[in-house]
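Presented below is the structure to which this report refers.
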Amino acid sequence: MHPAFSVIFFTVTSGAGYGLIALLCLLNFLYFGMLLDKSTFFICATVGSALFTMGLISSTFHLANPKNAWRAFMRFRTSWLAREGILAILFYPILFLYLFLVYIDFQIENFMFMQAYSFFIFLMSVLIIHCTGMIYACLKTIPQWNTFWTPINYITIGISLGSLILFFILDFNNYNVDPYKYYLLAAIAFSFFTKISYYISIRGSRHNIGQATNAAIKLKSTNVRLLDVGHTGGTFLTDEFGYKVAEKKLFRVKTFSIISGFLAPFTLIYIHSFVFESMLLCILAISLAFFGMVAERWLFFAQAKHVVNLYHGSQNV
Amino acid sequence: MRLGLVVDLDKCVGCSACAIACKQWNTSGTSGSLTDYRPYGADPSGVFFNRIRHYETGNYPDSKTVHFPMSCMHCEEAACVTVCPTGASYKREEDGIVLVDPEKCMGCNYCAWACPYGARELDREEGVMKKCTLCVDRIYDENLPKEERKPACVMTCPTTARYFGDFDDPNSEVSIVSRKRDGQELFPELGYKPVNQYLSPRKKVEIKQHEISEPNLVRKVKDWVNKVVEL
């Protein structure tokens, strides 16, 4: 599949933004008012909102007809894209009301209500990332996406990026991050585990040219080869689905994304927490993680092969 | 009604007349235009509703070339309609034709991703998705004589390899021909229940392979005589 940069940027930043908000609200649910002072809380909330807003704006850049983008909420009963869109828009008033209630210290008299509200926002953020993943996972035409690992990856990576940012903001504001660093290392390790599981699950081809044509040609025992694709130049189909990358390049990008996205941040945070404390390591970890995740998302597209390629001469996808 | 096409792969000679007729009719039709990009440039490209690919199978003497026209299958469980967030993609209740409303389409390409047949193409100039309409602006046109109320591709096919009709009617031409010839659908395992059917090429007459055997005595004498005469 053709990797559109706007979509890569959208999925990475909005995932990180919702991941950060989810964690923030989970912290509030567990230790309301005890852990974070108000200013830190609002810094985190602003960073998170800015990230997912940037992502959502970027997602409209790949539309060929953006003036109709407002219609994208109409078919939420069947379309994961519409579900993602409608939840993302509903999230704004819900989050702003929550932030306002935190601002006026509403929890002092209505502690249980605010706890429930925090948990609700936590669930909603995770649900939005889940919807983003399901946009891709629901497509039976792209076997590399059509797996339950896809939304799990989106959620764990969003949470892991959000955790990194939260850790950085807390550490920067001289909070005691001792209990939090174990959680952060676990979150990065868990996202790494789910990504590796994804790579293992998509190994090997699942459809071949025989499946695409043999039903109609009915010469099941013999091989089918493309003789002529029937067009003299590139088409929408070859542009959108014919994206092919050399195996060597895929391997290089995969190696980079695993090292930069998971192993390096884990090591740097470990060193920062237990060996040698330096905010520089923390900043480096966040930057590397973001670059690694952009590479990971690029790979997610570049590796995906649409079944229409079978009609265009691929022997398998 | 469940309108659709039957393509006879035994009759199709891969002449692309259906693709041209489709382009000609539909470029000024309801889903027009079928935009061309750089039509006289070095790398021309453009929007088509119907594309013909050519395949070869087997090895001599069982080899065969198969011409394979593909357009929208007007699936009963159309994934393109399911995934469309705007409601621009829809399937008509009355005849099962899958259409795009260009007034609603935002050009996100999601329906094209969901289609396993490559039936949808984005018009980059108009910014909306385009696809086969089964010539909806032709088949109901009462100004046309009855025998011409068919999709342009079916009308033009010089070998009558294409049939058009209602699959819900067991006595329609498409139902009869697809029953008789065991019509096949593409990618049945994806579960989208495509309406269009393909008639497989019938088994060819086996070509006898002549084995070259040791020449017998009569043959040897004849060869000798021929040689002498030639001298």
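I'd like the full set of residues that are part of a helix (DSSP H, G or I) and surrounded by 15 or more Cβ atoms within 10 Å (Cβ to Cβ), limited to the range A:27-41.
A:Leu27, A:Asn28, A:Phe29, A:Thr40, A:Phe41
Could you please find all residues in the range B:158-197 being within 14 Å of another protein chain (Cβ to nearest Cβ), of a type in the set (Lys, Arg) and either under 19 Å from A:Gly210 (Cα atoms) or surrounded by fewer than 16 Cβ atoms within 10 Å (Cβ to Cβ) (or both)?
Residue satisfying the conditions is B:Lys193 alone.
Residues in the range B:80-101: is at least one of a type in the set (Asp, Glu), outside any strand (DSSP E or B), farther than 21 Å from B:Tyr117 by Cβ and within 12 Å of chain A (Cβ to nearest Cβ)?
Looking through the range B:80-101, none of the residues is of a type in the set (Asp, Glu), outside any strand (DSSP E or B), farther than 21 Å from B:Tyr117 by Cβ and within 12 Å of chain A (Cβ to nearest Cβ).
So B:Ser71 ticks every box in (1) facing chain A (nearest Cβ under 7 Å); (2) surrounded by 16 or more Cβ atoms within 10 Å (Cβ to Cβ); (3) of a type in the set (Ser, Thr, Tyr) but one. Which box is left unticked?
Of the numbered conditions (1) facing chain A (nearest Cβ under 7 Å); (2) surrounded by 16 or more Cβ atoms within 10 Å (Cβ to Cβ); (3) of a type in the set (Ser, Thr, Tyr), the odd one out for B:Ser71 is (1).
Considering (1) of a type outside the set (S, T, N, Q); (2) out of contact with any His (no Cβ under 8 Å at 6 or more places or on another chain); (3) outside any strand (DSSP E or B); (4) within 14 Å of chain A (Cβ to nearest Cβ), say which one B:Trp113 fails and leave the rest.
That leaves (2) as the condition not met.
For the subset of the range A:103-122 comprising residues that are assigned to a loop (DSSP other than H, G, I, E, B) and within 18 Å of A:Thr40 (Cα to Cα), which member is modelled with the lowest pLDDT?
Step by step, filter the range A:103-122, then rank; the result is A:Asp105.
Give the residue that is nearest to the chain's Cα centre (by Cα), with candidates limited to residues of the range B:27-64 that are within 7 Å of another protein chain (Cβ to nearest Cβ) and free of Cβ contacts under 8 Å to residues at least 24 places away in the same chain.
B:Arg53
What about A:Cys131, is it at pLDDT 95 or above, within 14 Å of another protein chain (Cβ to nearest Cβ) and under 23 Å from A:Pro93 (Cβ atoms)?
yes
For B:Lys91, state whether it is closer than 30 Å to B:Lys208 by Cα and surrounded by fewer than 21 Cβ atoms within 10 Å (Cβ to Cβ).
no
Enumerate the helices (runs of 4 or more DSSP H) found wholly within the range A:222-317, keeping only those where 1 or more residues are of a type in the set (Asp, Glu) and surrounded by 15 or more Cβ atoms within 10 Å (Cβ to Cβ).
Ranges flagged: A:236-241, A:279-302.
Just checking, does the range A:70-80 include any residue being assigned to a helix (DSSP H, G or I), over 22 Å from the mean Cα position of the chain (by Cα) and within 12 Å of another protein chain (Cβ to nearest Cβ)?
yes
For A:Leu20, are the conditions met, namely being surrounded by 16 or more Cβ atoms within 10 Å (Cβ to Cβ) and at pLDDT below 95?
No, not satisfied.
Filtering the range A:232-278 down to residues that are away from chain B (no Cβ under 14 Å) and of a type in the set (Ser, Thr, Tyr), which residue is nearest to the chain's Cα centre (by Cα)?
Filtering the range A:232-278 for residues that are away from chain B (no Cβ under 14 Å) and of a type in the set (Ser, Thr, Tyr), the one nearest to the chain's Cα centre (by Cα) comes out as A:Ser257.
Condition (residue is closer than 30 Å to A:Arg203 by Cα and within 14 Å of chain B (Cβ to nearest Cβ)) applied to the range A:51-62: is it met by at least one residue?
Yes, the conditions are met somewhere in the range A:51-62.
Being of a type outside the set (Gly, Ala, Ser) and touching a helix residue (DSSP H, G or I) at 6+ places or on another chain (Cβ under 7 Å) narrows it down to one of B:Thr30, B:Thr65, so name that one.
Only one candidate passes the filter, namely B:Thr30.
The values are calculated or read from the model by the stated rules, or taken from the named source; none is laboratory data. Quick caveat, the model's predicted, so the values are computed rather than measured. Cβ: placed from backbone, ideal geometry, glycine included. Neighbour counts: every protein chain shown.
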